[in-house]
1. Which whole-number percent gives the relative contact order of the chain, counting Cα pairs below 8 Å spaced six or more residues apart?
2. Beyond 26 Å, what share of the Cα-Cα pairs of the chain is found? Please give it as a whole percent.
3. Determine the relative contact order of region 115-168: mean sequence separation of Cα pairs under 8 Å and six or more apart, normalised by residue count, in whole percent.
4. Counting other beta carbons within 10 Å of each residue's own, what order do TRP23, TRP166 fall into, fewest first?
5. Where nothing but the Cβ of Lys and Arg (+1) and of Asp and Glu (-1) is charged, how large is the charge dipole of region 1-128 around its Cα centre, in debye to the nearest 20?
6. Hey, what number do you get for the chain at 222 nm if only DSSP H runs of n ≥ 4 count, each worth -39500 (n - 2.57), divided across all residues, to the nearest 500?
7. Place a point 7 Å from the Cα of TYR50 along the Cα-to-Cβ direction; which residues of region 96-132 have their backbone N under 15 Å from it?
8. Send over the semi-axes of region 88-166's equivalent ellipsoid, whole angstrom and largest first, taken as the square roots of 5 times the C-alpha gyration tensor eigenvalues.
Amino acid sequence: MSSTITDTANFIQGDVKVRIDKWIANYPADQKKSAVMPALRIVQECHNGYLTNDLMDQIAAYLEITPMEVYEVATFYGNYEHAPVGEIKLCICNSISCMLRGKDDIVKYLETKLGIKPGEITPDGRFSIKMVECLGACGGAPMMQVGKDYHENLTPQAIDLLLAEWEK
């Protein structure tokens with residue numbers, strides 16, 4: 001992942017532009033809009049983990065599509081954030097399997113341990129909790145995704161071990 005860029009005035013330049021251009025190259029010249037999802041992901045990664053309207057407008061201009069086409073994608077998929085999130089975003093699966101196997105207890109435990117509720121960020125900016133729809137790991141419920149990693153069969157003890165590891 002590239003370094004975080006905070007100036008949004010002309011965000012699609014340098015490494016961000018190079019990374020988006022690699023995706024655009026995968027599609028026919030008249031289908032640049034096919035790169036909207038990776039462009040959103042790249043810009044989000046490089047902008048402290050979230051997107052603003054200004055950034056989405058810049059993506060639209062760069063891909064030569066309407067801002068609405070970008071907004072539709074960015075608001076449909078849960079992996080795009082529209083407000084600041086913690087450095088470590090705990091995505092808790094909200095599916096029926098996780099609910100039946102104790103997801104509510106896990107959420108309450110995390111709320112107590114971190115002092116925040118879903119949608120909030122710890123005062124140090126380190127953690128946030130987000131409720132997400134099915135993550136496709138029903139056999140390991142309850143579970144959560146952190147970055148690209150799945151953590152299954154969650155218990156308070158397993159959470160304590162993970163938090164200790166992340167706080168290093």
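Bear in mind these aren't lab numbers, they're just calculated from the coordinates by the rules spelled out. This one's a predicted model, so the numbers in the text were calculated from it and none came from an experiment. Ideal geometry is used to build each Cβ from the backbone, glycine not excepted, and the neighbour counts take in all protein chains shown.
1. On the way: 231 pairs, mean separation 29.5, N = 168.
Dividing the mean separation by the residue count of the chain yields 18 percent.
2. Working: 5225 of 14028 pairs.
More than 26 Å apart: 37 percent of the Cα pairs in the chain.
3. So the answer I get is 18 percent.
4. On the way: TRP23 18, TRP166 13.
Lowest count first: TRP166, TRP23.
5. Numbers: 13 positive and 17 negative charges, 97 e Å.
Dipole size: approximately 460 debye.
6. Working: 7 runs with 71 residues, N = 168.
It comes out at -12500 deg cm²/dmol, rounded to the nearest 500.
7. Taking a point 7 Å out along Cα→Cβ of TYR50, the residues of region 96-132 whose backbone N falls under 15 Å are 117-131.
8. Values: eigenvalues 70, 30, 28 Å².
Those come to 19, 12, 12 Å.
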